[in-house]
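K.L.:
The structure that follows is given in the form of structure tokens.
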2 protein chains.
Amino acid sequence: MKPQLDCIPCLVKNAFNVANLSTDDEDLKREILNRVLQQMASLDWDRPPTFTAWQSYQIASEISGNPNPYQAEKQNSISLAWKLLEALKKDYGNKLDDFTQRLKLAIAGNVLDYSIYGDLNLDLAMEVIVQALEKPIDNDAISRLKQEIDNAGSILYLLDNAGESVYDSFFIEPFKHKVTLGVRGLPASNDVTYEDLEPSGLDGIPVVDNATNLPGVIPEFSPPAMLDALKNADLIIAKGQGNFESLNETDYPIVFLFMAKCPAVCRVINAAPQSLQVLFNQP
Amino acid sequence: MKPQLDCIPCLVKNAFNVANLSTDDEDLKREILNRVLQQMASLDWDRPPTFTAWQSYQIASEISGNPNPYQAEKQNSISLAWKLLEALKKDYGNKLDDFTQRLKLAIAGNVLDYSIYGDLNLDLAMEVIVQALEKPIDNDAISRLKQEIDNAGSILYLLDNAGESVYDSFFIEPFKHKVTLGVRGLPASNDVTYEDLEPSGLDGIPVVDNATNLPGVIPEFSPPAMLDALKNADLIIAKGQGNFESLNETDYPIVFLFMAKCPAVCRVINAAPQSLQVLFNQP
């Protein structure tokens, strides 16, 4: 996806958040923001917004010396997601055996974004998730997805946020023997890296990474192992907006699962804000 | 007020809004944002945020050729404010004779910011204003203000948004014979310029302007007439955050009337969000 005009204020806000989490030193925070603004002033309007976010993470990490500013948030998100899953199993036990409900949970998990709900507690999180589970979803796309998963010999599953990853683990359980997971190579926002797999219940599954702290998978910047994984998978399941923005104009056999959160993405796919998306990039 | 780190994303959002209102040409919008980002990358951290906003307005106006992107919003705000005042007079007639209530209305008018409530209608506006009228306010500061107004031979009243200006007119009615109004010299956001005075009921009162589209009054960039007005007034009443940010570190005899809207200002004055402020800059 090409950057839209409204990506600019949002990317600056993102850089501000990263600067704030990366260091307590006000001078370093300013230096990070100045460098990010400088970089963004010569924005390449042909590269997805995740490319620009990547530059911000690199700048923040280089100037602050902090390679993992979201570490605490990721741990909190994962631990909250587990508590929530236990509570959900109690109330929605039978419902959660169903493919559609598990899928919805994997998509809805995306709302548990610690950077949005800073003071997320169990009750609020439960409310947000239950609302998401009751949202409409494209049932034809779900039927197609179920069939493609059944038919696929190999599936590349590109993860998004830590926390959400707990529900990814729950969703892929029935077909995990054919899954390879895709993660970020270095900490990028609150996205899943190797260290988050075991606490998310995703250990023991083959993994490939994008080699960097780019918050998505842009083929042009992907290492050979990731390119092989993209090329050889019968089906690619890409979670979250970052993977969508990075891959939606490629012709790999991808289904994007995400909650349409930002106005720019909603406009591009003509969707309502906060809607649950199951989008194939091939007819 | 010095810029805070969170002024940066906010100033970029402001530039995005101005770019969007200034032109329909996507290339020009991008050019505006690129130039603004470039300028902001070498931010002068000693100058108030209004200085940076000013640069954005200049860039937007220069690139788009549109000198008054907020013209329609200003007219709508003024017309809405009049309708609301009529409705308020019906329901709160007696109450509005009172100095405190008129003052609160003049401050609360600041919430009718068309750029915040894009689809503001009469019912919503009424609700917002009535809520604001019921908020607590510093009664000692109000007593002092009343006395200073009574004692002053000359008052410089620095206006803020168009729309809010209708309530300024209502507030200053009893003492308007000693008032000189301060406006922006060129259109800056939805701030009052000469053309908005008559429709706001503020005609027939002496006026001085800041010569530019700077959304505040920074002495360093003010023309001689404004500097004389600042120097010679017994009392300066400065409306809105823009005037506060620009003048709060000066030692003119100023009372700042505004709603504390942004986190940075709230932090600087240690105030609750959306609280009504009557702040003297001298003991």
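K.L.:
Tell me, which residue of the range B:32-61 that is surrounded by 20 or more Cβ atoms within 10 Å (Cβ to Cβ) and in a loop (DSSP other than H, G, I, E, B) is farthest from the other protein chains (Cβ to nearest Cβ)?
P.N.:
Among them, the one singled out is B:Pro48.
K.L.:
Within the range A:73-91, identify whether any single residue is within 14 Å of another protein chain (Cβ to nearest Cβ), surrounded by 16 or more Cβ atoms within 10 Å (Cβ to Cβ) and either touching a Ser or Thr at 6+ places or on another chain (Cβ under 8 Å) or hydroxyl-bearing (Ser, Thr, Tyr) (or both), and answer yes or no. Before the answer, list the steps.
P.N.:
Just the residues of the range A:73-91 that are within 14 Å of another protein chain (Cβ to nearest Cβ), to begin with: none.
No, that holds for no residue.
K.L.:
Considering every residue within the range A:93-102, establish whether at least one is buried (at least 20 other Cβ atoms within 10 Å of the Cβ), out of contact with any strand residue (DSSP E or B) (no Cβ under 6 Å at 6 or more places or on another chain), more than 11 Å from chain B (Cβ to nearest Cβ) and modelled with pLDDT under 95. Break it down stepwise before answering.
P.N.:
Here is the first cut: in the range A:93-102, the ones buried (at least 20 other Cβ atoms within 10 Å of the Cβ) are none.
No, the range A:93-102 contains no residue that is buried (at least 20 other Cβ atoms within 10 Å of the Cβ), out of contact with any strand residue (DSSP E or B) (no Cβ under 6 Å at 6 or more places or on another chain), more than 11 Å from chain B (Cβ to nearest Cβ) and modelled with pLDDT under 95.
K.L.:
Could you check A:Trp54 against (1) within 12 Å of A:Ser189 (Cβ to Cβ); (2) touching a helix residue (DSSP H, G or I) at 6+ places or on another chain (Cβ under 6 Å) and say which number it fails?
P.N.:
(2)
K.L.:
Within the range A:217-232, can you find the residues that are without any contact (Cβ under 8 Å) to a residue 40 or more places away in the chain and either within 24 Å of A:Leu112 (Cβ to Cβ) or not in a helix (DSSP H, G or I) (or both)?
P.N.:
Correct list: A:Ser222, A:Pro223.
Conditions tested, residue by residue: (1) at pLDDT below 95; (2) crowded, with 16+ Cβ neighbours inside 10 Å.
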position	(1), (2)
B:Ala229	no, yes
B:Ala233	no, yes
B:Ile236	no, yes
B:Gly242	no, yes
B:Phe256	no, yes
B:Met259	yes, yes
B:Ala264	yes, yes
B:Asn270	no, no
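K.L.:
Moving on to the next point. Those residues that are of a type in the set (Lys, Arg) and either away from chain A (no Cβ under 11 Å) or closer than 15 Å to B:Asn66 by Cα (or both), I need them from the range B:3-29; list them, please. It would help to see each step written out before you state the result.
P.N.:
Here is the first cut: in the range B:3-29, the ones of a type in the set (Lys, Arg) are B:13, B:29.
Correct list: B:Lys29 only.
K.L.:
Restricting to the range B:59-81, count the residues that are closer than 16 Å to B:Leu122 by Cα and of a type in the set (A, V, I, L, M, F, W, C).
P.N.:
The qualifying residues number 3.
K.L.:
Let me ask you something else. For the range B:233-253, check the following and say yes or no: at least one residue is closer than 22 Å to B:Gly153 by Cβ, without any contact (Cβ under 8 Å) to a residue 12 or more places away in the chain and not charged (D, E, K, R).
P.N.:
No, the range B:233-253 has no match at all.
K.L.:
Turning to a different aspect of this structure: Checking A:Arg144 against (1) in contact with a helix residue (DSSP H, G or I) (Cβ under 9 Å, 6 or more places away or on another chain); (2) in contact (Cβ under 8 Å) with a residue 24 or more places away in the chain; (3) surrounded by fewer than 22 Cβ atoms within 10 Å (Cβ to Cβ); (4) of a type outside the set (Gly, Ala, Ser), which test does it fail?
P.N.:
Going through (1) in contact with a helix residue (DSSP H, G or I) (Cβ under 9 Å, 6 or more places away or on another chain); (2) in contact (Cβ under 8 Å) with a residue 24 or more places away in the chain; (3) surrounded by fewer than 22 Cβ atoms within 10 Å (Cβ to Cβ); (4) of a type outside the set (Gly, Ala, Ser) one by one, A:Arg144 breaks only (1).
The rows are residues; the columns are (1) closer than 30 Å to A:Val268 by Cβ; (2) under 19 Å from the mean Cα position of the chain (by Cα).
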| position | (1), (2) |
| --- | --- |
| A:Arg35 | yes, no |
| A:Leu43 | yes, no |
| A:Ala53 | yes, yes |
| A:Asn66 | no, no |
| A:Pro69 | yes, yes |
| A:Asn76 | no, yes |
| A:Leu80 | no, yes |
| A:Arg102 | yes, yes |
| A:Leu122 | no, no |
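The values are calculated or read from the model by the stated rules, or taken from the named source; none is laboratory data. Quick caveat, the model's predicted, so the values are computed rather than measured. Counting neighbours? That spans all protein chains shown, and the Cβs are built from the backbone with ideal geometry, glycine included.
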